[in-house]
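Since the structure comes first, as structure tokens, the remarks are kept for the end.
Since every read-out is calculated from the coordinates, none of them should be taken as a lab result. Everything numeric in this text was worked out from a predicted model, so none of it was measured. Here Cβ is always computed from backbone atoms with ideal geometry, including for glycine, and neighbour counts include all displayed protein chains.
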Amino acid sequence: MIRYTFNKMLLALKNRYDYDVRYQQDILATNLGAFLKFMGFQTMASHSGNVPAGPLYAARIRAILSEDCGPCTQLVVDMALEAKVSPDIVQAIIDQDLDKLPKEIALVVQFTELVLAHNPEADDLREKVRDLWGNQGLITLGFAISAYRVYPALKYTLGYGKACSRILVSESAFAPNRDAAPDREAEHG
């Protein structure tokens, strides 16, 4: 009965976002205990703390782009739009177009890229993140950056990875920019 209930939840996700949930269904069918652990991980990944939607989705989108440029990225983009992040902001996050982003979102894009690159320049930006949202906000962004890399890795491990595809933001489709942090000063804005 519990598997049936979880499968209905997965089908609702599939229908809401037109997202392939077969990898999650395989985990559920194979090992209920493993699926329950995955669900616990989902709780961490969905943590939003006190960080506004724009900066939070900046971290999530840039992190998932480091591992994927297909369905997982599209899912996070769709969720960002659903959270009322404007399409122009979402596109600028994907493009790393810092000049088109509000200062706080540009900061998070830069910080995320530096963290993903293990670049020590992230230290200076970390303090700016703390100034804006405190340690709670830093933890929230840490969860976003680390958790959103897991989904594509898990999908690829289980054989459900996809090749790059164009990302749809409202009516526009474009190829995502997966490059490392842009060559700009850490100070933006």
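Multiply the residue gap between residue 121 and residue 135 by 0.36 nm, knock off their C-alpha separation, and tell me the result in nm, one decimal place.
Residue separation times 0.36 nm, minus the Cα-Cα distance, leaves 3.2 nm.
Rg and Dmax of the chain, Cα atoms, in Å?
Rg then Dmax for the chain, in Å: 16.7, 55.
³J(HN,Hα) across segment 38-52 via Karplus (A = 6.51, B = -1.76, C = 1.60, θ = phi - 60°), whole Hz, x for Gly/Pro?
4, 5, x, 4, 4, 4, 5, 5, 8, 4, 10, x, 9, 8, x
Suppose each label sits 7 Å from its Cα in the direction of the beta carbon; what would the residue 165-residue 37 distance come out to in nanometres?
It works out to 2.9 nm between the two label points.
Please enumerate, by chain and number, the lysines with C-alpha under 24 Å from the C-alpha of residue 100, excluding those fewer than 8 residues away in the same chain.
Within reach: 84, 128.
Of 159, 134, 70, which is the most mobile in a GNM of the chain whose springs link Cα atoms less than 10 angstrom apart?
159
Size of segment 18-100 along its principal axes in angstrom, Cα-based, largest extent first?
47, 28, 21
Mind pulling the angle between the C-alpha long axis of helix 53-65 and the longest principal axis of the chain? Nearest 10 degrees, somewhere in 0 to 90.
70 degrees
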